[in-house]
Amino acid sequence: MTTADASARVAWAEDAPAIAAVQVRAWRASYADLLPAEVLAALDADQIAEGWRHALGRPQDARNRVLVALERNLVTGFLVTGPSSDPDSDPVATGELADLTVDPPKRGAGHGSRLLQAAADTLVADRFTHAVTWLPAADDALRAFLTSAGWAPDGAHRTLDLMGDGTTTVKQVRLHTALVDP
């Protein structure tokens, strides 16, 4: 693959079905040990695509962005940015990387790195000076990827209740990075 065959850009509403398909494949691979099998089997790419279409067409904030990684014209991953929603963050200065997902068969081909660089450029263009992201505490691969790109833990942690009934929880840690030199 040559570099001309791979890129990252802002997502369009027409990308919604491809984003949803990547999300379903990634969730089934990444959360197989965390979520009940029936929950993963019930993921509906068409329903998820409708949610993406709505989010892409009517973002809650002008700084909410969805970026896609492409291999030729195939969506291979996506990333969501916007103002940080953390109560201890300044939403004017601190952006958030809310989701970074690469299609499992396409991992290791540079798509995540392209998305991360495009996200940094986008966050800077939106005048954020810092960024945060939350990731599962046990996701060593994602943590290693982000720390190799200059992200670091800031000591914050939380537990999410994925099913709403306390049966399936995930511990998360927050990483942060400076987007501009002080």
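The values are calculated or read from the model by the stated rules, or taken from the named source; none is laboratory data. This structure is a prediction, so every number in the text was calculated from the model and none was measured. Every residue, glycine among them, receives a Cβ derived from its backbone with ideal geometry; neighbour counts consider all protein chains shown.
The table for this structure:
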item: Set 97, 135: member being closer than 26 Å to residue 16 by Cβ, part of a strand (DSSP E or B) and without any contact (Cβ under 8 Å) to a residue 40 or more places away in the chain; result: 97
item: Residue among 16, 8 that alone is in contact with a strand residue (DSSP E or B) (Cβ under 6 Å, 6 or more places away or on another chain) and among the aliphatic types (A, V, I, L, M); result: 8
item: Residues that are more than 15 Å from residue 23 (Cβ to Cβ), buried (at least 17 other Cβ atoms within 10 Å of the Cβ) and of a type outside the set (Lys, Arg), drawn from region 47-83; result: 64, 70, 71, 81, 82, 83
item: Long-range neighbours under 8 Å by Cβ, at least six apart or interchain, first residue farther than 23 Å from residue 70 by Cα and in contact (Cβ under 8 Å) with a residue 40 or more places away in the chain within region 22-45, second in a helix (DSSP H, G or I) and among the hydrophobic types (A, V, I, L, M, F, W, C); result: 35/27
item: Residue within region 68-77 that is over 16 Å from residue 177 (Cβ atoms), part of a strand (DSSP E or B) and charged (D, E, K, R) present; result: yes
item: Residue within region 101-112 that is of a type outside the set (Ser, Thr, Tyr), touching a strand residue (DSSP E or B) at 6+ places or on another chain (Cβ under 7 Å) and part of a strand (DSSP E or B) present; result: yes
item: Per-region count, region 27-50, residues small (Gly, Ala, Ser) and at pLDDT 95 or above; result: 2
item: Criterion: surrounded by 20 or more Cβ atoms within 10 Å (Cβ to Cβ) and within 17 Å of residue 172 (Cβ to Cβ) - qualifying residue of 147, 133; result: 133
item: Any pair with Cβ under 8 angstrom, 6 or more apart, that starts in region 62-76 at a residue that is closer than 15 Å to residue 105 by Cα and ends at one that is modelled with pLDDT of 95 or more and aromatic (Phe, Trp, Tyr); result: 69/78
item: Set 90, 33: member being within 23 Å of residue 145 (Cα to Cα) and part of a loop (DSSP other than H, G, I, E, B); result: 33
item: Qualifying positions in region 18-39 - surrounded by fewer than 17 Cβ atoms within 10 Å (Cβ to Cβ) and over 12 Å from residue 104 (Cα atoms); result: 32, 33, 34, 36, 37, 38, 39
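So that you can scan it fast, the table gives a plain yes or no per residue for (1) farther than 22 Å from residue 136 by Cβ; (2) under 16 Å from the mean Cα position of the chain (by Cα); (3) of a type in the set (S, T, N, Q):
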residue: 24; (1), (2), (3): no, yes, no
residue: 34; (1), (2), (3): no, no, no
residue: 39; (1), (2), (3): no, no, no
residue: 44; (1), (2), (3): yes, no, no
residue: 48; (1), (2), (3): no, yes, no
residue: 64; (1), (2), (3): yes, yes, yes
residue: 67; (1), (2), (3): no, yes, no
